[in-house]
1. Checking B:Ala92 against (1) small (Gly, Ala, Ser); (2) surrounded by 14 or more Cβ atoms within 10 Å (Cβ to Cβ); (3) within 30 Å of A:Ala8 (Cβ to Cβ); (4) facing chain A (nearest Cβ under 10 Å): exactly one of these is not met. Which one?
2. If you go through the range A:1-31 one residue at a time, how many are of a type in the set (A, V, I, L, M, F, W, C), within 22 Å of B:Thr10 (Cα to Cα) and away from DNA strand C (no atom under 11 Å from the Cβ)?
3. Can you tell which of B:Lys107, B:Lys153 is closer than 30 Å to A:Ile90 by Cα, surrounded by fewer than 17 Cβ atoms within 10 Å (Cβ to Cβ) and not polar (S, T, N, Q)?
4. Run B:His86 past the list (1) within 11 Å of another protein chain (Cβ to nearest Cβ); (2) part of a helix (DSSP H, G or I); (3) touching a helix residue (DSSP H, G or I) at 6+ places or on another chain (Cβ under 8 Å); (4) within 14 Å of B:Asp33 (Cα to Cα) and report the number of the one that doesn't hold.
5. Among residues belonging to the range B:110-138 that are within 9 Å of another protein chain (Cβ to nearest Cβ) and in contact (Cβ under 8 Å) with a residue 60 or more places away in the chain, point out the one that is surrounded by the most Cβ atoms within 10 Å (Cβ to Cβ).
6. Somewhere in the range B:53-76, is a residue of a type in the set (Gly, Ala, Ser) and under 16 Å from A:Leu145 (Cβ atoms)?
7. Of the numbered conditions (1) away from DNA strand C (no atom under 16 Å from the Cβ); (2) free of Cβ contacts under 8 Å to residues at least 40 places away in the same chain, A:Ser69 satisfies every one except a single condition; which is it?
8. Would you mind stating whether B:Lys59 is surrounded by fewer than 17 Cβ atoms within 10 Å (Cβ to Cβ), within 16 Å of DNA strand C (Cβ to nearest atom) and not hydrophobic (A, V, I, L, M, F, W, C)?
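Derivation of every value follows stated rules applied to the coordinates shown; laboratory data play no part. As the structure is a computational prediction, the values presented were derived from the model and not from experiment. We place every Cβ from the backbone using ideal geometry, glycine too, and count neighbours over all the protein chains shown.
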Number of protein chains: 2
Amino acid sequence: MREQGYAAVTSRALAAKAGLKPQLVHYYFRTMDDLFLALWHRRADSLYKRQDDILKSTKPLKALWDLTSDPQDVVLSYEFVALANHRKNIRAEIAEFGDRYRERQMKILTGLLKKKRDALGGWPVMMSVMVLDSLARVLAVEDALGMKVGHAKARGAVGRLIKQLER
Amino acid sequence: MREQGYAAVTSRALAAKAGLKPQLVHYYFRTMDDLFLALWHRRADSLYKRQDDILKSTKPLKALWDLTSDPQDVVLSYEFVALANHRKNIRAEIAEFGDRYRERQMKILTGLLKKKRDALGGWPVMMSVMVLDSLARVLAVEDALGMKVGHAKARGAVGRLIKQLER
DNA sequence: GTCTATACCGAGATAGAC
DNA sequence: GTCTATCTCGGTATAGAC
């Protein structure tokens, strides 16, 4: 899915990787949509767990930025969203996850950032969270594409900001 | 491409929409990759032109934010990036466009924003441009998915910031 | 649980008539 | 330029034997 896109995830390709016959895939997951949903649920659980770990971290902002910047993760998320774009039942689940994930993120960061609103230009905490989140995602996707312009400056600026906030 | 993803763009589907036979698609574009590249070149030209118009606008920041927020546009871009993710020749062209597009964006905004760096928390102009850009994109994609959390707050904050900068 | 056999469909692509 | 005819491949999915 990461290397060739969700469209390359076929019963034949999966079976070949496992050294088995394609029909077995349909034995475990009747349809390919079932399979993608199962895959998504695994992933959602894993993301929630990693989010919880960030709560316990001594530098949650840094940890969050690193998590959201992971190119492997971002490319996978990208594929799931593309998949959601034309499979309605998957879209509903992903949208629900996205909203819930952000709400949890707010809980983690509200306490930390409220005291430092002036260092963040006085913006609402929600806004700062979304800016960091979207910037990390876009940078990672662009990296995967091979884009470069502005990346060093942006990563530098964010790195310094986070260091200052968590000193 | 917007409604069902790039994978739904097939010679058969295109021909059906045009009331013609699928083989004609291959007459005009030998391979489907040729077709996607032609489509991309059209789109790139159009995006460059709209970027130029922003230069002439009296409120370029507002115009830029609106352009980048257009859900139809963003979803299409999303599909092209997903496509690029597993077609190397397309990836190269899209990455090149992305870098060039951002450099042009810098030229448009550097003059405008340099004088107002204090209103932007002292961040480099490049950083402000990328923050606005990535936030607009992520909001639009999330909208398309049906996500809501934080959107009103983020749009409100950005709207006020842009208004203040361009008053 | 894993296999063989098999169905059906729709994708990309080419050859050649008109 | 548009058609008919045709090929090949690879996708999803089911039935039924072992």
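1. Checking B:Ala92 against (1) small (Gly, Ala, Ser); (2) surrounded by 14 or more Cβ atoms within 10 Å (Cβ to Cβ); (3) within 30 Å of A:Ala8 (Cβ to Cβ); (4) facing chain A (nearest Cβ under 10 Å), the one that fails is (2).
2. 4
3. Sole residue among the options that is closer than 30 Å to A:Ile90 by Cα, surrounded by fewer than 17 Cβ atoms within 10 Å (Cβ to Cβ) and not polar (S, T, N, Q): B:Lys153.
4. (2)
5. That would be B:Ala136.
6. Scanning the range B:53-76 turns up no residue that is of a type in the set (Gly, Ala, Ser) and under 16 Å from A:Leu145 (Cβ atoms).
7. It is condition (2) that A:Ser69 fails.
8. no
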